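Computed from the coordinates by the stated procedures, all read-outs in this text should not be read as laboratory data. Every value quoted in this text rests on a predicted model; they were computed, and no experiment measured them. Note: ideal-geometry Cβ built from the backbone for every residue, glycine included; neighbour counts use all protein chains shown.
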Amino acid sequence: MSAVENVPDERLLIEAAQHDPARFAELYEQNFDRVYAFVARRVRDRDLAEEITAEVFHQALASIGRFEWRGVPFAAWLLRMAANAVNDRWKTQSREGELPEAELEAVGTDRALERQAMLAKLVDTLPDDQRLVVVRRFVDQRSIREIAEEMGRSEGAIKQLQFRALQSLKERVRGNHA
């Protein structure tokens, strides 16, 4: 199934889950591996990764009614929740003095997660076509050609949208740090 066909299917699944929480199971199945891998790379502890991943999906299920379809993959919403959950866990553990020695060396990842969360918020402010290109290119790791086919545009147009989006993000990041 092509990406173009998959997007409406995902939207229908989301709408079904919003009306009947039992329908959330398919969204869970489709996205579990990606969310778990994302969390596991950041916490490097299997039990903690499983616990945080469970929290993310519990939060997603509880919040599904507030999810608004904007053409961005559902996984992007979940990954933003995961980044926030990992970041919250780091803050809580550091306040309570619970960070194991090995994790103290990785506290720099807290700043990286904060940057990722800020960047995700900035990506949400981009025009729809630019946001879709950024998500497809950097979250879904699609090629320019795949994105062009999905959006029905030329590869040059996709490169231009990507360029404009990245320029806009650079300016907004500089504005946040000024």
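Could you list, ordered by first residue, the pairs with Cβ atoms under 6 Å in which the first is in the stretch 79-92 and touching a residue at least 12 places away in the same chain (Cβ under 8 Å) and under 18 Å from ALA37 (Cβ atoms) and the second is aromatic (Phe, Trp, Tyr) and part of a helix (DSSP H, G or I), at least 6 apart or interchain?
LEU79/PHE38; ALA82/PHE38
Could you list, in sequence order, all residues of the stretch 141-178 that are part of a loop (DSSP other than H, G, I, E, B) and surrounded by 18 or more Cβ atoms within 10 Å (Cβ to Cβ)?
Passing the criteria: only ARG142.
What tally of residues in the stretch 123-134 results from selecting those that are buried (at least 18 other Cβ atoms within 10 Å of the Cβ) and within 17 Å of VAL173 (Cβ to Cβ)?
So the count comes out to 5.
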